[in-house]
Amino acid sequence: MDRSTASPGRAGPPPAIEVHSLTKSFGDLVAVDNISFSIASGEVFGLLGPNGAGKTTTISMLATIQKPTSGTATVNGYDVVAQEDDVRRSIGIVFQDQSLDEELTAYENMDFHGRLYRISGEERRRRIDELLALVGLADRKNSLVKTYSGGMRRRLEIARGLLHEPKVLFLDEPTLGLDPQTRNHLWGYIARLNEEKGITIILTTHYMEEADRLCDRVAIIDRGAIVVLDTAENLKNSIGGDIVTITSPDPDAIAGLLTAPWISAIEQHDGSVTIHLKEADRHVPGIVTAIHQSGIGITSLSVRKPTLEDVFLHYTGRTIREEGAGGRETMRMAHRARRR
């Protein structure tokens, strides 16, 4: 899909998903806080954020697993509360935790799923063979799942989620725990099924590269709220040009020294200064000269293009890795609130 055309306002079919002021609370904990967005039919849409940010809770509400505290949402035109059975029939879902039967073969896992959806025998066999071929598992269809690698299991779960031909596929952290090579292969399968099937995909991730590579648009979600939403390219451009990072014993002095008009923003984090500017190759020598002339020491200096990690840092004031421990604590709080 051409990412430049991926937006809910484009001409064509109605949005696959519409969310208005959706909120989910567990006691005093607000896990999802008044979020709104729309996803076009055929779009790959990413929810990017740390653990505990509200990504899985959002998908759980859209998949009718949890009921919203307030707000509304429709999936394929069906209300997630009033028409939950219609929603479930029209979606596929792959959650973080594996749900395959390891004592069955890949084919048997698929066949059991197809029977639950009352797909006729001949049609069921045709779809199973087609989907196992799509995810590269045709030659292992009669192998027990317990002999599969982690990547093979994820591919099988995706194939199973597509068996009843859903219009929308939810992928919750689809490559979590996989090695980089397997993750890269799985990204290829996800992109392929979107292109070949035209299926709408909404995925959650905390991997920046995953969101950048797969998603037509990305919503950065932090502490239950959507902070910013756009294409990955527009998000990176929004924070301004190249990025120069300088570590120094006196970062405050550097931040106060640099006031040139070609500097769009200066941020300080953990003993370093991050400078956003255009045409860094032209201006870095002048920056270094000015710092040295002021008698300020430089420990290190790097120049690079912005990433989605920089976007997250810019809009939230934290790196996504810094949120890891806090995210796990939020998840524990939500679990305790559910048990009350």
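Among the candidates 246, 239, 263, single out the residue that is modelled with pLDDT of 90 or more, within 29 Å of residue 218 (Cβ to Cβ) and under 34 Å from the mean Cα position of the chain (by Cα). Just a single option satisfies the conditions, and that option is 246. Restricted to the range 278-299, and to residues there that are free of Cβ contacts under 8 Å to residues at least 40 places away in the same chain and hydrophobic (A, V, I, L, M, F, W, C), the residue that is nearest to residue 258 (Cα to Cα) is 290. Restricting the range 252-268 to residues that are within 17 Å of residue 303 (Cβ to Cβ) and out of contact with any Leu (no Cβ under 7 Å at 6 or more places or on another chain) leaves a set whose member that is surrounded by the most Cβ atoms within 10 Å (Cβ to Cβ) is 254. Going by what's in this entry, would residue 163 be described as in the same structural domain as residue 59 (by TED's automatic domain parsing), touching a Lys or Arg at 6+ places or on another chain (Cβ under 6 Å) and of a type in the set (A, V, I, L, M)? Yes; evaluated as a whole, the condition is true for this residue.
Table: residues versus (1) in the same structural domain as residue 197 (by TED's automatic domain parsing); (2) within 30 Å of residue 51 (Cα to Cα); (3) free of Cβ contacts under 8 Å to residues at least 12 places away in the same chain; (4) among the β-branched types (Val, Ile, Thr).
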| site | (1), (2), (3), (4) |
| --- | --- |
| 96 | yes, yes, no, no |
| 103 | yes, no, no, no |
| 107 | yes, no, no, no |
| 113 | yes, yes, no, no |
| 116 | yes, no, yes, no |
| 119 | yes, no, no, yes |
| 122 | yes, no, yes, no |
| 126 | yes, no, yes, no |
| 130 | yes, no, yes, no |
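Output yes when any residue across the range 196-207 is farther than 26 Å from residue 50 by Cα and in contact with a Ser or Thr (Cβ under 9 Å, 6 or more places away or on another chain), and no when none is. Yes: the range 196-207 contains one or more residues that are farther than 26 Å from residue 50 by Cα and in contact with a Ser or Thr (Cβ under 9 Å, 6 or more places away or on another chain). I'd like to know if the range 16-25 contains one or more residues that are in a loop (DSSP other than H, G, I, E, B) and modelled with pLDDT of 95 or more. Within the range 16-25, one or more residues are in a loop (DSSP other than H, G, I, E, B) and modelled with pLDDT of 95 or more. Just one of the listed residues (202, 243, 275) is within 30 Å of residue 62 (Cβ to Cβ), part of a strand (DSSP E or B) and in contact (Cβ under 8 Å) with a residue 24 or more places away in the chain, and it is 202. Return the only residue of 159, 133 being assigned to a helix (DSSP H, G or I) and crowded, with 19+ Cβ neighbours inside 10 Å. Matching residue, one of 159, 133: 159. Is there a residue being assigned by TED's automatic domain parsing to the domain that holds residue 45, under 25 Å from residue 41 (Cα atoms), touching a Leu at 6+ places or on another chain (Cβ under 9 Å) and hydroxyl-bearing (Ser, Thr, Tyr) anywhere in the range 173-186? Among the residues of the range 173-186, at least one is assigned by TED's automatic domain parsing to the domain that holds residue 45, under 25 Å from residue 41 (Cα atoms), touching a Leu at 6+ places or on another chain (Cβ under 9 Å) and hydroxyl-bearing (Ser, Thr, Tyr), which makes the answer yes. Of all residues in the range 93-112, those being assigned to a loop (DSSP other than H, G, I, E, B), farther than 18 Å from residue 174 by Cβ and among the charged types (D, E, K, R) number 3.
Determine, yes or no, whether residue 72 is touching a strand residue (DSSP E or B) at 6+ places or on another chain (Cβ under 7 Å) and surrounded by fewer than 24 Cβ atoms within 10 Å (Cβ to Cβ).
yes
Checking each residue in the range 246-272 for being out of contact with any helix residue (DSSP H, G or I) (no Cβ under 7 Å at 6 or more places or on another chain), assigned to a strand (DSSP E or B) and of a type in the set (A, V, I, L, M, F, W, C) picks out 263, 265. Here is the figure for the range 26-44: residues that are assigned to a strand (DSSP E or B) and crowded, with 24+ Cβ neighbours inside 10 Å total 4. The numbered conditions (1) under 19 Å from residue 284 (Cα atoms); (2) touching a strand residue (DSSP E or B) at 6+ places or on another chain (Cβ under 8 Å); (3) surrounded by fewer than 22 Cβ atoms within 10 Å (Cβ to Cβ) are all true for residue 230 except (1).
The values are calculated or read from the model by the stated rules, or taken from the named source; none is laboratory data. On a predicted model such as this, the values are computed, not experimentally measured, just so you know. Using ideal geometry, Cβ is built from the backbone for each residue, glycine included, and neighbour counts are taken over all protein chains shown.
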